[in-house]
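The values are calculated or read from the model by the stated rules, or taken from the named source; none is laboratory data. Quantities reported herein were computed from a predicted structural model and do not represent experimental measurements. Every residue, glycine as well, gets a Cβ built from its backbone with ideal geometry; the counts of neighbours run over all protein chains shown. Accessible surface is based on the protein model in full, side chains and every heavy atom, while ligands, DNA and RNA are left aside. Shrake-Rupley method; radii C 1.70, N 1.55, O 1.52, S 1.80 Å.
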Amino acid sequence: MLLTVDISISEDLMSETPESGEDDVPEPALLQAWAQAAYLKDVPAVASILVTNAAEIKQLNKQYRDQDKPTNVLSFPMESPEEVDLCLLGDIVLCAQVIKQEAHEQSKPEMAHWAHMVVHGMLHLQGYDHVDDDEAEAMEQQEIFILNQLGFDDPYKED
């Protein structure tokens, strides 16, 4: 296994009501598998995934992106110092409430949307972005390819 993923569930999420809590989070083995499928390099690496609630991701979004609202996924890439033999990719933060809400609003299966957000976050950790149209197109095509390999439909396809 080339990618090791440290998965954490926020205590704030676990203490919430069942409608928006840990029951909405895929099994860690699925999060791990989706992250591994989106890892495109051939050197051992480490990434972390934190699943949290809307309040916590809103605070992170405001602090790091100057956006005062909750979001579905945040990625925090990092570069390993040269003296470290291991590739440290960075951190992904996922919001269970926003992912569930978006899946419902977009009429998508929740698991498909979770997989998409993990893949999206992993691609950001590897340098993909969607700041301009060309970058966005390349990232979307990579997402579609990976999700197809995992058995999920094109997340950008309009019904």
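Figures for the structure shown
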quantity: MRE, 222 nm, helices only [DSSP H, n ≥ 4, -39500 (n - 2.57), over the chain, to nearest 500]; calculated: -13500 deg cm²/dmol
quantity: Ordering of 51-63, 80-92, 96-108, 130-142 by burial proxy (mean other Cβ atoms within 10 Å per residue, highest first); calculated: 51-63, 96-108, 80-92, 130-142
quantity: Cα→Cβ-extended label distance, 7 Å offset, between Ala136 and Asn148, nm; calculated: 2.1 nm
quantity: Under-5 Å amide H pairs with Ser80, H placed in peptide plane, nonlocal only; calculated: Leu88
quantity: Integer Hz, Karplus 6.51/-1.76/1.60 couplings in order for the stretch 119-124, x for Gly and Pro; calculated: 4, 4, x, 5, 5, 4
quantity: Cα-based Rg / Dmax (Å) for the stretch 19-72; calculated: 14.0, 39
quantity: Whole-Hz couplings from phi, Karplus 6.51/-1.76/1.60, listed for the stretch 131-137; x for Gly and Pro; calculated: 6, 10, 4, 5, 4, 4, 4
quantity: Per residue value of the accessible surface for the stretch 1-128 (all protein chains in place, 1.4 Å probe), Å²; calculated: 53 Å²
quantity: Dipole magnitude of the chain, debye to nearest 20 (Cβ charges: Lys/Arg +1, Asp/Glu -1, about Cα centre); calculated: 220 debye
quantity: Cross-link pairs beyond the 26 Å C-alpha cut-off, checked among Lys69/Lys100; Lys100/Lys157; Lys41/Lys69; Lys69/Lys108; Lys41/Lys62; calculated: Lys41/Lys69; Lys41/Lys62
quantity: Extended-chain gain in nm, criterion 0.36 nm per residue less alpha-carbon gap, Glu158 and Asp42; calculated: 38.4 nm
quantity: Accessible surface of the chain, 1.4 Å probe, proportion on carbon and sulfur as whole %; calculated: 48 percent
quantity: Mean separation of Cα contacts under 8 Å, 6 or more apart, over the residue count of the stretch 16-99: relative contact order %; calculated: 35 percent
quantity: Placed amide H near Thr4: partners under 5 Å, 5+ positions off or other chain; calculated: Ala45, Val46, Ala47
quantity: If the convex hull is drawn through the Cα atoms of the stretch 89-159, its volume per residue in Å³; calculated: 96 Å³
quantity: Relative contact order (%) - criterion: Cα under 8 Å, at least six apart; region: the chain; calculated: 22 percent
